[in-house]
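What follows is a short report on a single structure.
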Amino acid sequence: MKPAVAYLPDEIVVEESVKQAPVTQRVLERLSQVPVRFLPDSNQVRFALSGDKQAQTKGKKVLALVNHKGKFLKPRADVPHYRCYNYHYLYWGTNCHLECTYCILQAFLNNPLITLHVNTEDLKKELTERFQDPSSFWRVSSGEVADSLAMEPITGLMEELIPFFAQHDNAVLELKTKTSLVDSLLKLDHRGRTVVGWSLNTPKIIQEEELKTSDLDDRLAAAKKAQDAGYLIGFHLDPLVYYHEWEQDYQQLIQKTFSLIDPNRVAWVSIGGLRFLPEMKSIIQQRFPKSKIIYGEQIRGTDGKSRYFRPLRAEMFKKINSWLKEISPNLFTYLCMETPEVWEEALGFVPENDAHLSQLMDERALSLRS
Amino acid sequence: MKINEIADQLKASVSLKREFKEALSDCMKRDDATEESILTQIELEALLEHNDLSRAQKCQELRWRLHKLRYPKLAEAEQRFQQAKKKLCLPESIHINPSDFFEKKEIKIEIKSRSQKEFKEQINKLKTIQNEIDDLFV
Ligand code: SF4
């Protein structure tokens with residue numbers, strides 16, 4: 001078993017206004033060996049890297065603890081023709097040190113620093129206000145612009161948020177990770193309001209493309225611990241990568257997963273193919289010259305992203321779905337960012353729209369709550 | 001790269017030259033292959049020596065061969081679509097095209113009519129092919 005590489009920055013930059021924030025205090029205590037600089041505004045560090053060809057790599061060595069002044073809860077962007085469920089994502093921080101070659105954040109973020117929005121009191125205040133209407137239901141993802149747990153040993157942030165979500169009946173917090181860093185969460189009173197999700201891939205892809213993440217065995221062992229602690233868990237077979245032995249490898253992955261995990265306590269399994277912004281090709285070539293994932297049969301989708309040629313995606317998803325359903329016909333599977341054509345071909349049904357898929361997922365989450 | 005010389009020799013446009021280079025370099029990286037071996041695979045030598053093809057035709061053929069090597073399944077679908085379309089023996093005034101890269105499972109039929117008579121003929125033609133059109137949906 002190989003755990004994820006622990007994050008150790010070369011420097012911590014703290015905005016003076018959040019010097020006393022509890023998360024800041026925790027980070028400084030847990031990374032007491034790292035030099036710290038207090039600044040009125042962390043942007044000067046970020047701007048100093050602009051134009052630097054190595055900005056992505058250098059930026060990850062600086063941890064910025066900042067006072068976030070905007071919204072913490074943001075709606076997922078709507079993508080015409082590609083269906084996905086509706087959710088909001090929690091803007092608790094940005095960027096990640098785990099170095100997946102295909103990570104979209106490399107092209108998406110304009111700030112290369114690993115950034116934590118440490119004014120969590122403001123975050124909780126905003127969530128409390130938003131969750132006030134009992135007739136609304138909130139699906140909140142914490143794994144959109146960072147791995148949910150990669151920084152947990154340093155921040156203790158999810159440890160703080162899980163009990164907070166436990167107090168709200170109309171919300172569910174989703175964590176998404178490629179690590180095994182769940183130990184601090186196991187004793188929490190989560191009341192089934194948190195789904196801990198793992199992005200899974202074959203050992204070959206983990207080794208070649210998810211460079212600093214936990215290996216498969218480590219992730220699955222963590223998923224088992226979380227399930228045993230009563231958490232609902234989710235899996236994301238995403239991004240599926242097409243290569244010569246993909247069938248055998250993904251089938252083995254599914255078998256291995258469910259030899260450890262009880263499928264009846266799995267909230268959902270998402271299935272999605274590798275997709276990336278076209279500008280990622282040159283970034284991957286420059287940062288990860290050994291990676292071959294950009295040389296598959298990726299075409300330009302109607303959303304402008306590169307993704308596998310449709311019949312190829314449909315074939316992969318259909319097989320993956322059938323292997324999952326062989327494990328348990330009751331497993332809730334869905335496609336991530338896919339066209340109605342692919343839904344139909346692979347899963348045999350098409351949700352009417354994003355809201356319909358969201359409703360199905362809400363029903364699933366509610367039905368499994370203890 | 002040898003492909004630069006070949007593209008110059010064939011008087012390929014700048015964008016075509018870029019396309020050749022990208023497809024070639026992607027295949028080399030994907031297959032851990034040399035430029036030489038990729039060009040051998042696509043039988044470049046024989047193509048260049050072909051006496052019956054013009055420079056422009058050689059350019060288009062080279063483009064297709066590289067495309068086929070870079071995107072084998074897509075190229076196969078494109079070929080199947082073209083063959084199925086050819087079988088329909090459509091007049092020049094009726095165009096049938098798939099969506100870009102077959103991303104949507106739909107075809108677009110475009111009819112250019114200059115008279116009611118021509119329009120009626122075109123509709124009749126479309127009626128005669130209605131049972132064969134299934135092959136066009138990739
Ligand atoms: S774990 Fe997620 S956020 Fe982190 S590098 Fe990989 S893809 Fe990016």
Return the whole-Å distance between the Cα centroid of the stretch A:171-247 and the Cα centroid of the stretch B:7-28. 43
If a cysteine in chain A has no other Cys Cβ under 4.7 Å from its own Cβ, put it on the list, ordered by number. A:Cys84, A:Cys96, A:Cys336
Shape call for the stretch A:69-367, from the Cα gyration tensor axes a ≥ b ≥ c (a/c under 1.5 means rounded, otherwise prolate when a/b beats b/c, else oblate), comes out rounded
In this structure, among A:Lys305/A:Lys325; A:Lys292/B:Lys58; A:Lys176/A:Lys318; A:Lys225/A:Lys256; B:Lys2/B:Lys29, pairs with alpha-carbon gaps over 18 Å are A:Lys305/A:Lys325; A:Lys292/B:Lys58; A:Lys176/A:Lys318
Rounded to 10°, Cα long-axis angle of helix B:14-31 versus longest principal axis of chain B: 70
Can you tally the net charge around B:His95? Count Lys and Arg as +1, Asp and Glu as -1, for every other residue whose Cβ sits under 11 Å from the Cβ of B:His95. +1
In terms of the alpha carbon gyration tensor, root eigenvalues a ≥ b ≥ c, rounded if a/c is under 1.5 and otherwise prolate when a/b exceeds b/c or oblate, the stretch B:1-87 is oblate
Against the longest alpha carbon principal axis of chain B, how many degrees, from 0 to 90 and to the nearest 10, is the axis of helix B:55-70 turned? 90
How many angstrom separate the Cα center of the stretch B:54-84 from the Cα center of the stretch A:273-309? 21
Amide H neighbours of A:Trp138 at under 5 Å, excluding residues fewer than 5 places away on the same chain, with H built from the backbone geometry, are A:Ala171, A:Val172
At q = 0.13 Å⁻¹, what base-10 log of I(q)/I(0) does the Debye formula yield for the protein assembly as shown when every alpha carbon is treated as an equal point scatterer in vacuo? -1.29
Inter-chain Cβ neighbour average for residues B:18-31, partner chain, 10 Å: 2
In what sequence, highest mean first, do A:57-69, B:114-126 appear when ranked by Cβ atoms within 10 angstrom? A:57-69, B:114-126
Just how many pairs of Lys in the stretch B:73-136 have C-alpha atoms closer than 15 Å, counting pairs that are eight or more places apart or on different chains? 9
At what distance in angstrom do the alpha carbon centres of the stretch B:94-108 and the stretch A:131-157 lie from each other? 41
Cβ-Cβ cut-off under 13 Å around A:Phe288, Lys and Arg +1, Asp and Glu -1: the net charge is +2
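None of the figures in this text is laboratory data; all of them are computed from the coordinates on show. Model, not experiment: these values are computed from the prediction. Don't worry about glycine lacking a Cβ; one is built from the backbone with ideal geometry, like all the others, and counts go over all protein chains shown.
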